[in-house]
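One structure is given below, encoded as structure tokens.
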Amino acid sequence: MTLVRGLVTRPWRFAAEACALLVAVVVAFPLYWMVLGAFKPAGEIRSSEPRPWTLAPSLDSFRRVFGQQEFGRYFLNSLVVAGAVVIASGVIAFLAATAVTRFRFRFRTTLLIMFLVAQMVPVEALTIPLFFLMRDFGQLNTLGSLILPHIAFSLPFAIWMLRGFVKAVPEALEEAAYLDGASRTRFLWQILFPLVLPGLVATSVFSFISAWNDFLFAKSFIISDTSQSTLPMALLVFYKPDDPDWGGVMAGSTVMTIPVLVFFVLVQRRLVSGLGGAVKD
């Protein structure tokens, strides 16, 4: 009776919750199908009548993935690229957001507009110019050719988001710190940085995911030296036009997802507060 009364008195809330549940199912189903495909035997994967379950789970696909000679190196390369992008973009964005918020200088508004416009340019349109740029700087077939573009593409979003967090810190707090003898550097790193940390976590998630899942730059800039490849490129080992190993692709994709989930678990509390602060701003 309580449930029925609640449906009658709050129909809009019930409809909203039902829609949220439906969206969650639609979003989660591809992940479920990926994990299911990783555990399915080869015969079930190639069956003309696919089923959303398996009665004979197998680890053969994971054995083929971890049996690849260069898989560990690809995994390490992805960690290096994603870690470098997160750290470098976070530090640069924090300093830039502080500069455009706390200091008055010419073309400050123009610079902010340029950051906004930079987010509108599709990555695909800049891939060829970036290829020639990396070639001229001698960065092709190196991890630097993956790190530098991702830092550049992560900065506009990070600066815009952190600008709101820096602006939310009262200037009176900065003045009080200076009166107590704190230098600008000490205020920046010991007072302002901890207050802006939730915003940094939120932007680091965006930077980490874009760098970790990158396939376009890895395919375009790592041409001949496969020792510099990352995990998305490792999936090509299992994809052959004449005989694709879908179990290996699904198992490799599942392994790729695990670090992202771990990263989310580690930063989820600060991520929620960071996104909340961004919305409030």
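The values are calculated or read from the model by the stated rules, or taken from the named source; none is laboratory data. These numbers were taken from a predicted model, which means no experiment stands behind them. Because the Cβ atoms are built from the backbone with ideal geometry, glycine has one as well, and the counts that use them run over all protein chains shown. Heads up: the accessible areas ignore ligands, DNA and RNA and are worked out on the full protein's heavy atoms, side chains in. Shrake-Rupley method; radii C 1.70, N 1.55, O 1.52, S 1.80 Å.
Given springs between every Cα pair under 10 Å in a Gaussian network model of the chain, which of S183, S227, S61 has the largest fluctuation? For the chain, modelled as a Gaussian network with Cα springs under 10 Å, the answer is S183. Work out the FRET efficiency for V23 and A118 from their Cβ-Cβ distance, taking R0 = 35 Å, and round it to the nearest 0.05. With a Förster radius of 35 Å, E is 0.70.
Once the gyration tensor of the Cα atoms in segment 25-103 is diagonalised, the equivalent ellipsoid follows with semi-axes of 42, 20, 7 Å, ordered largest first.
Could you provide, to the nearest whole Å², the per residue accessible area of segment 71-272 with probe 1.4 Å? Let's see the in-between values first.
Numbers: 10640 Å² over 202 residues.
Value for segment 71-272: 53 Å² per residue.
With R₀ set to 22 Å, the beta-carbon distance separating A42 from I258 gives a calculated FRET efficiency near 0.45. With 24 Å as the cut-off, how large is the P(r) tail for segment 59-161, expressed as percent of Cα-Cα pairs? Result: 42 percent of Cα pairs exceed 24 Å.
Let's test the formula: R0 of 45 Å, r as the Cβ-Cβ distance of A15 and F206. What FRET efficiency results, to the nearest 0.05? Kindly include the intermediate steps, with their values, before the conclusion.
Values: r = 31 Å, r/R0 = 0.69.
The formula returns an efficiency of 0.90 here.
Computed from point charges on the beta carbon alone (+1 for Lys and Arg, -1 for Asp and Glu), the dipole magnitude for segment 51-149 about its Cα centre is near 360 Debye. Among the DSSP helices (H) of the chain, those spanning at least 30 angstrom by Cα along their long axis with an average Kyte-Doolittle hydropathy of -0.5 or more are 11-39, 71-102, 144-168, 246-280; this is a geometric and hydropathy rule only. Among G83, G67, G252, the residue with the largest mean-square fluctuation in a Gaussian network model of the chain, with springs joining Cα atoms closer than 10 Å, is G67. For the chain, the fraction of 1.4 Å probe accessible surface lying on carbon and sulfur atoms is 69 percent.
With every protein chain present, what accessible area does I113 have (1.4 Å probe, heavy atoms only), rounded to the nearest 10 Å²? Surface open to solvent at I113 totals about 90 Å².
If a spin label sat at a point 7 angstrom from the Cα of L55 along the line to its beta carbon, the backbone N atoms of segment 24-42 nearer than 17 Å would be those of 40-42. Using a cutoff of 8 angstrom between alpha carbon atoms and counting only pairs six or more residues apart, the relative contact order for the chain works out to 30 percent. Within the assembled protein chains, the solvent-accessible surface assigned to Y32 is about 100 Å², based on a 1.4 Å probe.
Size of the dipole of segment 71-272 about the Cα centre, Lys and Arg at +1 and Asp and Glu at -1 on the beta carbon, nothing else charged, in debye to 20? Show your work: numbers first, answer last.
Details: 14 positive and 11 negative charges, 138 e Å.
The dipole magnitude comes to about 660 debye.
Please state the equivalent ellipsoid semi-axes for the chain: what are the square roots of 5 times the Cα gyration tensor eigenvalues, largest first, in whole Å?
Listed largest to smallest, the semi-axes of the chain are 40, 31, 17 Å.
Think of segment 71-272 as a dipole: +1 on every Lys or Arg Cβ, -1 on every Asp or Glu Cβ, centred on the Cα centre; then among T226, V81, L111, L111 lies furthest on the positive end.
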